[in-house]
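The values are calculated or read from the model by the stated rules, or taken from the named source; none is laboratory data. What you see is a predicted model; the values in this text were computed from it and never measured. No Cβ is skipped: glycine too gets one built from the backbone with ideal geometry, and neighbour counts run over all protein chains shown.
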Amino acid sequence: MLLASLLLAATLVTQTRPVPSARQLAWHKLETCAFVHFGPNTFSGNEWGTGKENPNSFNPTELDCRQWARSFKAGGFKGVILTAKHHDGFCLWPSKLSTHTVANSPCKHDILKDLSQACKAEGLKFGVYLSPWDRNHPAYGTDAYNDTFVGMLEEVLTNYGPIFEVWFDGANGEGPNGKRQVYDWDRYISTVRRLQPNAVIFSDAGPDVRWVGNEDGIAPKTCWATIQRDRYHAGTPLYKELGEGDPNGANWVPAECDVSIRPGWFWRSAENDKVKTPVQLEELFYKSVGHGAAMLLNVPPDSRGLIHENDLASMVAFHKTIKETFKSNLAPRNGGLVVKFKQPVKFDRIELAEDITQGQRVSKFAVIAKLEDKEMEIASETTIGRRRILRFKPTLATEIEVRIIGSLGAARLRPIKIFASPDCR
């Protein structure tokens, strides 16, 4: 009777775990995407524009969005998110709802159109960032501005093909009239759902993808894809909680790790020699994707309108190392939590993954390597989720066992994968 009760309890826990939606599952598969901060700040050197910029300052004379897309593809990225409107209010498309746009600049290009077409040509997903804060628009701080912002969303979400992610941040400062805006988030979200139902929506609170709580590109080692969504709002002061998530959260809202390849988000010539190295990018990959989250790397075009040579070289070298490391799975395809080899195998990477269509469950596990009659614990961690990559010194083993120590219901792992990095071979 007791055993039957325990089995029933485990079944109930299993059945009630939150699971990702179809749009979230598609997003999870991308893993690494590029972020593009581009606008008047590229020419002024500012991080946050004032809204008083002269549109004539925006003049990328060698603009080539196809070069961007080729660069991101060469870096191994699967999608691109463009800052269509940052806090300064400057629109990178010829919006009919603002005078602060590319239409009034020497550039004249509809950059959303150029980049969306370039992404399609290179097989990349296309996404957009729209800041609701607008330091230029005269209606900001009034009820009318919510109509304006929804209208801008409608322009962006209907004229540029499929959008895979709409990125909102919670910045909320004063506009040109000294007022702050009360954002109508429910209306913004319903507009995205109506026009781009397959797009995930990012903000501190989701509803589909959450901020990881820092701009260092790092997810904690413990990283649940679930949170209690109604606890947060865009701009929440509780952002430090967002990293680890909540194992008891009722909502599937996985973490995305945003970080810039440079010290700033917008390009500056003084930072051309401060681009993150391939080794630094690799470390960020393991601490974002390797912790079950996603990597969103900002690579800002320069004042020519091109991805700078230094940024490109670092991305390409990073991608080469990742591709080389994970090209050959050394594990036999036998499934289960134990992998056995006929001969000793040398490795330094193990990849674990839960079947997240059934939810995320594992809360603690260990990995044991065995050689002849000796066994050694080579890892002891907490969560697994969508993808957990473990790194350790080169190890020789004839058997590897994953021991589930804690789990919210029956653990459902995909087959174990084992790899040797270039340094291990």
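Numbers at a glance
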quantity: Hey, Gly305 assigned to a loop (DSSP other than H, G, I, E, B), at pLDDT 95 or above, touching a strand residue (DSSP E or B) at 6+ places or on another chain (Cβ under 9 Å) and surrounded by 18 or more Cβ atoms within 10 Å (Cβ to Cβ) or not; calculated: no
quantity: Within the range 382-425, tally of residues that are of a type in the set (Lys, Arg) and either under 11 Å from Ile350 (Cα atoms) or touching a Lys or Arg at 6+ places or on another chain (Cβ under 6 Å) (or both); calculated: 4
quantity: Residues of the range 56-72 classified as surrounded by fewer than 18 Cβ atoms within 10 Å (Cβ to Cβ) and farther than 12 Å from Ile307 by Cα, total; calculated: 4
quantity: Residue that is within 24 Å of the chain's Cα centre (by Cα), at pLDDT below 95 and of a type outside the set (Gly, Ala, Ser), where the choices are Asn177, Asn172; calculated: Asn172
quantity: Pro138 vs. criteria surrounded by fewer than 22 Cβ atoms within 10 Å (Cβ to Cβ), over 19 Å from the mean Cα position of the chain (by Cα) and within 25 Å of Asn46 (Cβ to Cβ); calculated: yes
quantity: Residues (in contact with a Ser or Thr (Cβ under 6 Å, 6 or more places away or on another chain) and either part of a strand (DSSP E or B) or under 25 Å from Glu354 (Cα atoms) (or both)) located in the range 225-245; calculated: Glu244, Gly245
quantity: Residues within the range 253-269 that are part of a strand (DSSP E or B) and either β-branched (Val, Ile, Thr) or at pLDDT below 95 (or both), tallied; calculated: 1
quantity: Scope the range 309-330; condition farther than 10 Å from Pro278 by Cα and out of contact with any Asp or Glu (no Cβ under 9 Å at 6 or more places or on another chain); matching residues; calculated: Glu309, Leu312, Lys323, Glu324, Lys327, Ser328, Leu330
quantity: Pairs with Cβ under 7 Å, 6+ apart, first in the range 189-208 and without any contact (Cβ under 8 Å) to a residue 40 or more places away in the chain, second of a type outside the set (A, V, I, L, M) and assigned to a strand (DSSP E or B); calculated: Asp204/Arg210; Asp204/Trp211
quantity: Count of residues meeting criterion [surrounded by 16 or more Cβ atoms within 10 Å (Cβ to Cβ) and either in a loop (DSSP other than H, G, I, E, B) or free of Cβ contacts under 8 Å to residues at least 12 places away in the same chain (or both)] in the range 314-329; calculated: 0
quantity: Unique match (being at pLDDT 95 or above and charged (D, E, K, R)) among Asp423, Asp348, Asp373; calculated: Asp348
quantity: Test result for Pro176, touching a residue at least 12 places away in the same chain (Cβ under 8 Å), surrounded by fewer than 18 Cβ atoms within 10 Å (Cβ to Cβ), of a type outside the set (Val, Ile, Thr) and touching a Lys or Arg at 6+ places or on another chain (Cβ under 8 Å); calculated: yes
